[in-house]
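Heads up, the thing below is written out as C-alpha cells.
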Amino acid sequence: MTTAFTLRPYRDADEDAAIGLWLRTWRLAYPAIDFDKRVDWWRARWRGELVPHAAIVIAENSGGMIGFVTIDGAGYLDQLVVEPEHWGWGVAEALVDEAKRLSPREVTLKVNADNYRAIKFYRRHGFAVTGEETNSSGRPVLNMRWGP
C-alpha cells in the first residue's frame, strides 16, 4: 500500500503534534508502561536535546503529521516514529532513507531488543547489530549501524 505524503523540515509549530505522535506510538508498542507520566520529561528532552542538535524531518499528508525522524550531526538516529495507521505504507522507509541521505557516512541507533518489528525493519534496510547494552529504564537494547 502507498499513500501520498511529503517530507519537510521540522518547524517549531510541529512540537505538539510530534510529541502526541510519539506518545501514541509508544503507548501502542509498550502498553504496560505509563508513557503519560513521561510526557514532561519527553517534552524537555525534545526541546533541549533533539530540536537544537538534530535534523528533524516530518512526513505529512493532507491530514497532518504521520511520522518523523530525528538524526544528529554524528549520524545518530534517535527517533523514527510513524502513525500506526500508516505502518507498511512506505512512510518509515522514506524517513530512514532521508536519515541516510542526511548522514551518508553512517547511521547508528539503539532499538529495544524486544521490538522485533523494528529490528526486522532496520535489518531489511541494511542495518546490522553492533552490540548490546541496557538503557536507562533497565531494558536490553541493540546497537545497530548502517553504512555504505
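Since every read-out is calculated from the coordinates, none of them should be taken as a lab result. Please read all numbers here as calculations on a predicted model, not as lab measurements. Cβ: placed from backbone, ideal geometry, glycine included. Neighbour counts: every protein chain shown.
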Problem set entry | Under 9 Å, Cβ to Cβ, from Pro140 - net charge with Lys/Arg +1 and Asp/Glu -1 | -2
Seminar exercise, completed: If each K or R counts +1 and each D or E counts -1, the residues other than Asp14 whose Cβ falls under 11 Å of its Cβ total -2
Problem set entry | With 5 Å bins from 0: P(r) over segment 22-81, alpha-carbon pairs, percent | 4, 17, 22, 25, 21, 11, 1
Problem set entry | Total formal charge among the other residues, if their Cβ is under 13 angstrom from that of Gly88, Lys/Arg +1 and Asp/Glu -1 | 0
Seminar exercise, completed: Per the C-alpha gyration tensor (a ≥ b ≥ c, the square roots of its eigenvalues), segment 64-148 is rounded if a/c is under 1.5, else prolate if a/b beats b/c, else oblate; here it's oblate
Exercise. Is any residue of segment 110-126 close enough, with backbone N under 18 Å, to a label point placed 7 angstrom from the Cα of His53 along the Cα-Cβ axis, and if so, which?
Worked result: 110-111
Exercise. Expressed as a whole number of Å, what is the distance separating the alpha-carbon centroids of segment 79-123 and segment 43-57?
Worked result: 18 Å
For this session: Please work out which option in (1) 10.9; (2) 9.3; (3) 8.6 gives mean projected area of the Cα convex hull in nm² calculated from these coordinates, and answer with its label.
Result: (3)
Exercise. So what J values fall out for segment 65-77 if you push phi through Karplus, 6.51 cos²θ - 1.76 cosθ + 1.60 with θ = phi - 60°, rounded to Hz, Gly and Pro as x?
Worked result: 5, 10, x, 7, 9, 10, 9, 8, x, 8, x, 8, 8
Exercise. So which trypsin sites (Lys or Arg not before Pro) in segment 30-117 pass both tests, a DSSP loop state and at most 13 other Cβ atoms within 10 Å of the Cβ?
Worked result: Arg105
